[in-house]
1. Exactly one of (1) touching a residue at least 40 places away in the same chain (Cβ under 8 Å); (2) touching a strand residue (DSSP E or B) at 6+ places or on another chain (Cβ under 8 Å) is unmet by residue 57. Its number?
2. Name the residue, out of 221, 201, 235, that is surrounded by 23 or more Cβ atoms within 10 Å (Cβ to Cβ) and farther than 20 Å from residue 94 by Cα.
3. Got a number for residues in the stretch 96-113 being in contact with a strand residue (DSSP E or B) (Cβ under 9 Å, 6 or more places away or on another chain) and either farther than 13 Å from residue 192 by Cβ or outside any strand (DSSP E or B) (or both)?
4. If I filter the stretch 26-46 down to residues being modelled with pLDDT of 95 or more and touching a helix residue (DSSP H, G or I) at 6+ places or on another chain (Cβ under 8 Å), which single residue comes out as surrounded by the most Cβ atoms within 10 Å (Cβ to Cβ)?
5. So residue 142 fits all but one of (1) in contact with a strand residue (DSSP E or B) (Cβ under 9 Å, 6 or more places away or on another chain); (2) more than 20 Å from residue 207 (Cβ to Cβ); (3) loosely packed, with under 14 Cβ neighbours inside 10 Å; what number is the exception?
6. Any chance the stretch 216-224 includes a residue that's at pLDDT 95 or above and part of a loop (DSSP other than H, G, I, E, B)?
7. If you scan the stretch 181-196, which residues turn out to be crowded, with 20+ Cβ neighbours inside 10 Å and either within 21 Å of residue 219 (Cα to Cα) or not assigned by TED's automatic domain parsing to the domain that holds residue 222 (or both)?
8. Out of everything in the stretch 146-168 that is without any contact (Cβ under 8 Å) to a residue 24 or more places away in the chain and more than 17 Å from residue 227 (Cα to Cα), what residue ends up being surrounded by the fewest Cβ atoms within 10 Å (Cβ to Cβ)?
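The values are calculated or read from the model by the stated rules, or taken from the named source; none is laboratory data. Every value quoted in this text rests on a predicted model; they were computed, and no experiment measured them. Cβ placement follows ideal geometry from the backbone for every residue including glycine, while neighbour counts extend to all protein chains displayed.
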């Protein structure tokens, strides 16, 4: 039976709090062990990833036992409610093991048509970005403030982010460069924090490829609540992963999409 004493947002906050407590003791520790998920390439995972997901799953077991869970480290558990919590305990583990504060905890609540709530939490900085049907705010060292995306209309005025310079396949990298050659500024390497900056009105576009659903569902919920748009590179829903285009508003989204669609 669901515990309805807490709202979905309050449950998400408890999950983010639990993840923070699990992760922070491991951050910037010189003896942190890292495992590689891939036989060819490098996809790191640490004890902090696993402990954080366990902590979030424990919160859901107490407050939302009927909901499904999809997590990066421990997979999918079916629920009976028709709703699924989609979680990535540390999005940006490469950044985490490098000591940069640009990784984050991703929490989304999703229904049949995609996410209805998204949280990006950065434990070390102490920033939490939250977006849902009736909420779009961030809480950080300077207090609580509303979120809202930028009104940039022209690609020539836009700030663009992606995590990896290679983006994905050679074709996907070419597509990214085709957009990048039109923008004012291109930056790299922020993982999920780039999506938080878009929701906070600091940047205009994030373009990525090769995503899993747990990488993108929280950013979708957050950015849509803040006034932005997130689709795949054909303008279709992106919540199942793959290629993603996140934009501050419909106009700048359309300008970038016109270029990406040809790839």
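1. The number of the failed condition is (1).
2. Numbers: 201 fails: surrounded by 23 or more Cβ atoms within 10 Å (Cβ to Cβ); 235 fails: surrounded by 23 or more Cβ atoms within 10 Å (Cβ to Cβ).
Going through 221, 201, 235 in turn, the sole match is 221.
3. Taking the stretch 96-113 and keeping what is in contact with a strand residue (DSSP E or B) (Cβ under 9 Å, 6 or more places away or on another chain), we get 96-97, 101-111.
Next, only the ones that are either farther than 13 Å from residue 192 by Cβ or outside any strand (DSSP E or B) (or both) stay: 96-97, 101-103, 109-111.
The total comes to 8.
4. Residue satisfying both the conditions and the ranking: 26.
5. Condition (1) is where residue 142 drops out.
6. Within the stretch 216-224, the subset at pLDDT 95 or above is 216-224.
With the extra rule that they be part of a loop (DSSP other than H, G, I, E, B), the set shrinks to none.
Scanning the stretch 216-224 turns up no residue that is at pLDDT 95 or above and part of a loop (DSSP other than H, G, I, E, B).
7. Taking the stretch 181-196 and keeping what is crowded, with 20+ Cβ neighbours inside 10 Å, we get 183, 190-196.
Once the filter is applied, which keeps residues that are crowded, with 20+ Cβ neighbours inside 10 Å and either within 21 Å of residue 219 (Cα to Cα) or not assigned by TED's automatic domain parsing to the domain that holds residue 222 (or both), the stretch 181-196 yields 190, 191, 192, 193, 194, 195, 196.
8. Kept after step one, since they are without any contact (Cβ under 8 Å) to a residue 24 or more places away in the chain, are these residues of the stretch 146-168: 146, 165-166.
If we keep only those that are more than 17 Å from residue 227 (Cα to Cα) too, we end up with 165-166.
On the way: 165: 11, 166: 13.
Filtering the stretch 146-168 for residues that are without any contact (Cβ under 8 Å) to a residue 24 or more places away in the chain and more than 17 Å from residue 227 (Cα to Cα), the one surrounded by the fewest Cβ atoms within 10 Å (Cβ to Cβ) comes out as 165.
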